[in-house]
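K.L.:
So that we are looking at the same thing, I have put the structure below in structure tokens.
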Amino acid sequence: MNIKATTIAALFAAGIAAQPAFAQEGSEVASNGTSFRGIRVEANAGGDRFQSEGNHNDKFGYGGTVGFDGTLGDRFVIGAEGSYWRPGNGNENCTGLADGNSICHKGFEEWGAAVRAGYLATPQLLVFAKGGYVNGEQRRRIDGPTGDTLVYDHYKADGYQVGGGVEYTLTQGRLPVYVNAQYVYSDYHGHSARQRVMGGVGIRFK
């Protein structure tokens with residue numbers, strides 16, 4: 001299945017599950033004073049750590065998230081999101097092998113779909129956790145002792161993501177502005193993984 005189609009399907013399924021959360025009053029701010037409801041769009045940036053063969057490399061990355069949330073009662077928020085992430089022109093780490101060869105893995109862009117659930121510590125502060133699916137573009141290269149390339153493989157790797165963080169509403173009103181900080185771990189098939197520590201700034205649409 002196409003990556004984007006998979007992401008949309010996962011979001012749609014999560015949205016159906018979250019529909020009861022949207023059966024709330026239609027005002028800009030709920031009766032408990034929170035604005036953690038509706039569609040949100042955010043920009044993300046932070047540190048990217050790509051791991052394989054027991055090694056890792058750190059790099060700056062950036063991306064974006066589109067999601068929607070609803071409230072359950074006065075304290076709980078649930079929703080779904082789709083995300084995109086890219087560590088510049090890729091993040092690579094290389095490992096020397098016992099036979100004198102070297103193996104290099106490089107991680108490129110990542111698409112993800114996740115369900116997010118959180119608890120309102122205050123009407124403006126959300127503590128959340130999330131989990132879902134990821135698909136990352138990767139490259140594997142094995143070089144010989146003289147630098148000649150013996151194996152070259154460019155592919156898409158499926159996996160899962162888990163993470164959590166905090167989100168704070170800066171402004172209320174028609175288009176609330178918020179900021180967040182979060183940690184996300186992605187595990188791909190093929191024994192590679194990615195860790196992200198990132199911040200975000202976004203807008204909600206009522």
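The values are calculated or read from the model by the stated rules, or taken from the named source; none is laboratory data. Since we're looking at a predicted model, the values are computed, not measured. Neighbour counts are summed over all protein chains in view; Cβ atoms, including those assigned to glycine, are modelled from backbone coordinates with ideal geometry.
K.L.:
Taking the condition of being aliphatic (A, V, I, L, M) and touching a Leu at 6+ places or on another chain (Cβ under 9 Å), how many residues in region 44-70 meet it?
P.N.:
1
K.L.:
Please work out which residue is surrounded by the fewest Cβ atoms within 10 Å (Cβ to Cβ), limiting yourself to region 140-173 and to residues that are closer than 19 Å to residue 196 by Cβ and of a type in the set (Asp, Glu).
P.N.:
158
K.L.:
Given the criteria outside any loop (DSSP other than H, G, I, E, B) and either under 11 Å from the mean Cα position of the chain (by Cα) or small (Gly, Ala, Ser) (or both), does residue 110 qualify?
P.N.:
yes
K.L.:
State whether one or more residues within region 82-100 are touching a Leu at 6+ places or on another chain (Cβ under 7 Å) and within 19 Å of residue 206 (Cα to Cα).
P.N.:
Step one: list which residues in region 82-100 are touching a Leu at 6+ places or on another chain (Cβ under 7 Å), which gives 82.
Then keep just the ones that are within 19 Å of residue 206 (Cα to Cα); that gives 82.
Yes: one or more hits.
K.L.:
Looking only at residues in region 117-139 that are assigned to a strand (DSSP E or B) and among the polar types (S, T, N, Q), which one is surrounded by the fewest Cβ atoms within 10 Å (Cβ to Cβ)?
P.N.:
Among those that are assigned to a strand (DSSP E or B) and among the polar types (S, T, N, Q), it is 122.
K.L.:
Residue 113 fails exactly one of the following numbered conditions: (1) in contact with a helix residue (DSSP H, G or I) (Cβ under 9 Å, 6 or more places away or on another chain); (2) surrounded by fewer than 18 Cβ atoms within 10 Å (Cβ to Cβ). What is the number of that condition?
P.N.:
(2) is the only condition that residue 113 fails.
K.L.:
Within region 126-166, how many residues turn out to be among the polar types (S, T, N, Q) and under 30 Å from residue 178 (Cβ atoms)?
P.N.:
Total satisfying the criteria: 2.
K.L.:
Considering only region 174-193, I want to know if a residue exists there that is at pLDDT 95 or above, crowded, with 20+ Cβ neighbours inside 10 Å and among the small types (Gly, Ala, Ser).
P.N.:
Yes - at least one qualifying residue is present in region 174-193.
Condition check ((1) of a type in the set (A, V, I, L, M); (2) at pLDDT below 95; (3) within 18 Å of the chain's Cα centre (by Cα)) across all residues:
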site	(1), (2), (3)
9	yes, yes, yes
12	no, yes, yes
34	no, yes, no
37	no, yes, no
41	yes, no, yes
46	no, no, yes
70	no, yes, no
73	no, yes, no
81	no, no, yes
